[in-house]
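Report on the structure given below.
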Amino acid sequence: MKNLLFITLLTFSALSFCAEHEVKMLNFGADGGMVFEPGFLKVDVGDKVNFVAIDVSHNTESVEGLIPNGATGWKGILNENVSVVIDKEGVYVYQCTPHIILGMVGVIQAGEPVNKDEIMANVGKITIAVNAERLTNYLAKVN
Ligand SMILES: [Cu+2]
């Protein structure tokens, strides 16, 4: 009986396993000033992404129209750690709202990039004055 319970628990934990990923909100990182690190992340549907407010004055917010159809967006407040479960397959673009103008933007790919064409068609709506190549580079990693 004890063995059966043990096997049941093992099976359950194997089925419910989802990976967790960390994205840091930083004043300075490998890609320059005011960045998410890593700025591009590839995950599986059901994985959790933990945005960690290492430095102050940052947030994370999914960009309307630049996430998969039917996906749940998110909007963190300044200085807040946010955990997001990625619930739909596709590409997600997110920003730090006060620093999007400085190119503080990130991309998450979950499974197949089913909405990449839509993203590429609409990404020009984001206004970025500095470090605009970051978003271009992150989107180039989507495949
Ligand atoms: Cu920021």
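Read-outs throughout are calculated quantities, based only on the coordinates presented, and are distinct from any laboratory measurement. Everything numeric here is computed off the predicted structure, so don't read it as measured data. We place every Cβ from the backbone using ideal geometry, glycine too, and count neighbours over all the protein chains shown.
Output the peptides 52-58, 100-106, 77-83, 31-37 sorted from most to least packed, where packing is the average of other Cβ atoms within 10 Å over each peptide's residues.
100-106, 31-37, 52-58, 77-83
Apply the Karplus parameterisation 6.51 cos²θ - 1.76 cosθ + 1.60, with θ equal to phi minus 60°, to every residue of region 46-51 and state each ³J(HN,Hα) to the nearest whole Hz, in sequence, with x for glycine and proline.
Karplus values, whole Hz, x for Gly and Pro: x, 5, 10, 10, 9, 8.
Distances longer than 23 Å among the Cα atoms of region 19-140: what percent of all pairs is that? Each step should come with its number before you reach the end.
Values: 1533 of 7381 pairs.
Distances greater than 23 Å cover 21 percent of the Cα pairs.
Residue by residue through region 28-45, what is 3J(HN,Hα) from phi via Karplus (6.51 cos²θ - 1.76 cosθ + 1.60, θ = phi - 60°)? Round to whole Hz and write x for glycine and proline.
Along region 28-45, the couplings run 8, x, 4, 8, x, x, 6, 9, 8, 9, x, x, 10, 9, 10, 9, 9, 4 Hz.
Once every DSSP H run of n ≥ 4 in the chain is given -39500 (n - 2.57) and the sum is divided by its residues, what mean residue ellipticity at 222 nm do you get, rounded to the nearest 500 deg cm²/dmol?
On the way: 3 runs with 30 residues, N = 143.
Helices in the chain give a 222 nm mean residue ellipticity of -6000 deg cm²/dmol.
Please turn the phi angles of region 88-104 into ³J(HN,Hα) values with the Karplus equation 6.51 cos²θ - 1.76 cosθ + 1.60 (θ = phi - 60°), one per residue in order, whole Hz, x for glycine and proline.
9, 5, x, 10, 10, 10, 9, 9, 9, 4, x, 10, 4, 4, 9, x, 7
By how many nm would the segment from VAL45 to PHE17 grow when fully extended, if each residue of separation counts as 0.36 nm and the alpha-carbon distance is taken off?
8.9 nm
What is the spin-label model distance, in nm, from ASN27 to ASN143 if the labels are put 7 Å beyond Cα along the C-beta direction?
Result for the modelled spin labels: 3.7 nm.
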